[in-house]
Structure formats: C-alpha cells, structure tokens
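Okay, so here's the structure we're looking at.
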Amino acid sequence: RYFAMYENGGVTSITVSVEGVQDPIGYTQIDYATFEQYQNDIGNLDILQTACEKQIDAVAGDVRRQFTTVVPGQESTYLMKGQEARDIKASNYTADILGYPLIAAEMAAQPGATLKRVVDVILATENLWRQLAAVIEKERRMGKIAVKNATTTQDVLTAKQTAISALESIRYSY
C-alpha cells in the first residue's frame, strides 16, 4: 500500500507498506525517485493516479468554495430557493408567496423589492452559478481522465498539474 505525502502541490514522499519489512510503525518512507523506480518495477500507477485525482477534486472544491457559501445546509437551501423561484416565475409571478417560504424570507430581507425582482435575481444568480460550475466540472473531469489515462509517472504528474493550473485560473478569471 502507498500513501502519498504532498507539499506545495507536488508529491514529496511516498509511504509504502511492504510485507516483510519491519519498522516501528509498519511503514517505510521512501523518496520520490525510489517510489518511481518501485512503481516502474511493479508496473502499477494506480495509487499515484488515485492520489492525484483526489488532489484535483480538492482543488476543484477550493475553487467552488470561492464562489459559494459553504456552511451545512446552504446548498440545499439554494436548491430549494431556486425551485421556488422557478415555480413563481411559471405562475407569471402571481403565486401567493406564503406557499414559498424561502422566497417569503427573501422578500422580508429586502423590504420594498418586488416579487419579480427577487425571483429574477435568484434565477439569474442560479444561472450564473450553473455556467461557472460547468466550467469547473469540465476542468475537473478532464484532469481526472487525463490522470487515469496517463501511462507513466511523469505523465500522471503533468496531467495533474495541468488540471490544477486550469482550475486555479478559474479562481482568478471570474
């Protein structure tokens, strides 16, 4: 079993559990060059690929976090509020807001705002987020697929870094 150790976005060391090797904690620390040779000897990139895929997921999550409120329950609140807004718009903004508690709460938070304005802002925000989420998801998925399809250690690391760079560029582009 391997456990990758990361520092500044790169693999700095790998912990390998090797049968027959005894040390105080049951694992052997090896440097990256030794891991690469060991990995080449056994012909298995799976562990490195999995670690790199997880790192891509983590960076994608960090980028998403820049654009959303990350607290327990907030995502479901946004989804429910979006559904309420779509329902109200479908009624030509004539629905009784008492049947839509999240829209009613938004109206209470914005005294003087019209129902149409509140609903339209929620829907516009939802649409903007959907577009941004699609860009993030495209880069995340392309990166993970490139990592999984890589056939050498260097190609795995290059694919990971390419994906992370693409994701980081989103952070500063929007």
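The values are calculated or read from the model by the stated rules, or taken from the named source; none is laboratory data. Bear in mind the structure is a predicted one, so any value in this text is a computation, not a measurement. For accessibility, only protein heavy atoms count, side chains too; no ligands or nucleic acids. Shrake-Rupley method; radii C 1.70, N 1.55, O 1.52, S 1.80 Å.
In plain terms, the chain from A109 to A134 could stretch by 6.0 nm, reckoned as 0.36 nm per residue minus the Cα-Cα distance.
Rolling a 1.4 Å probe over the protein heavy atoms leaves T158 with an accessible area of roughly 70 Å². Largest first, the residues Y174, Y93 sort by 1.4 Å accessible area into Y174, Y93.
With all protein chains in place and ligands, DNA and RNA left out, the 1.4 Å accessible area ranks S76, S173, S91 as S173, S76, S91, largest first.
Show which lysines lie in cross-link reach of K160 when reach means a straight Cα distance below 25 angstrom and same-chain residues fewer than eight apart are skipped. Partners within reach: K54, K138, K144, K148.
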